[in-house]
Amino acid sequence: CARPVTMAASNSSGFDSNCMTLTRFVLAEQQKYPEACGDLTQLLVSIQTAVKAVSSAVRKAGIAKLYGIAGSTNVQGEEVKKLDVLSNELFINMLSASFTTCVLVSEENDQAIIVEVERQGKYIVCFDPLDGSSNIDCLV
């Protein structure tokens, strides 16, 4: 969002204070389709929130003692890291709470996760909550 702007449009800081965020973009696109009910918008905002939460956890991993192995293996036979477990839980909780998903498929789970009936929506989401986590202990 901190894009330098031309002198004609700059404010006192020299940055665009009216930048396009993902949420603004998705809401603007949704308005182009009067038949849209907002489910996809809600899903995308929930994914965005999960990504931000995972990003925060990765940044704080050292002080929160989130480095290291959790003591299990994933479906690919890789050792699961503590950050993998937390990231997976964040995605599952955010997506289930969005009321837009019915099935979640995560790299960290052997089976698909069926969302509780009273929270189900129409979308199936497949995700790897923290790709490249095998490099996390060496801060790559």
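Annotations for the structure displayed:
- Counted residues, the range 104-126 - those being hydrophobic (A, V, I, L, M, F, W, C) and surrounded by 14 or more Cβ atoms within 10 Å (Cβ to Cβ): 4
- Selected residue (criterion: nearest to Ser87 (Cα to Cα)) from residues of the range 11-44 that are among the hydrophobic types (A, V, I, L, M, F, W, C) and in contact with a Ser or Thr (Cβ under 6 Å, 6 or more places away or on another chain): Leu43
- Selected residue (only one of Lys82, Lys65 is at pLDDT below 90 and loosely packed, with under 13 Cβ neighbours inside 10 Å): Lys65
- Selection from the range 22-47 of residues that are within 22 Å of Phe91 (Cα to Cα) and not in a helix (DSSP H, G or I): Gly38
- Flag if Cys1 is at pLDDT 75 or above and not assigned by TED's automatic domain parsing to the domain that holds Arg119: no
- The range 88-124: number of residues that are among the small types (Gly, Ala, Ser) and either within 15 Å of the chain's Cα centre (by Cα) or at pLDDT below 95 (or both): 4
The values are calculated or read from the model by the stated rules, or taken from the named source; none is laboratory data. Treat the numbers as computed from the prediction; the structure is a model and nothing was measured. As a convention, Cβ positions derive from the backbone with ideal geometry for all residues, glycine included, and neighbour counts pool all protein chains shown.
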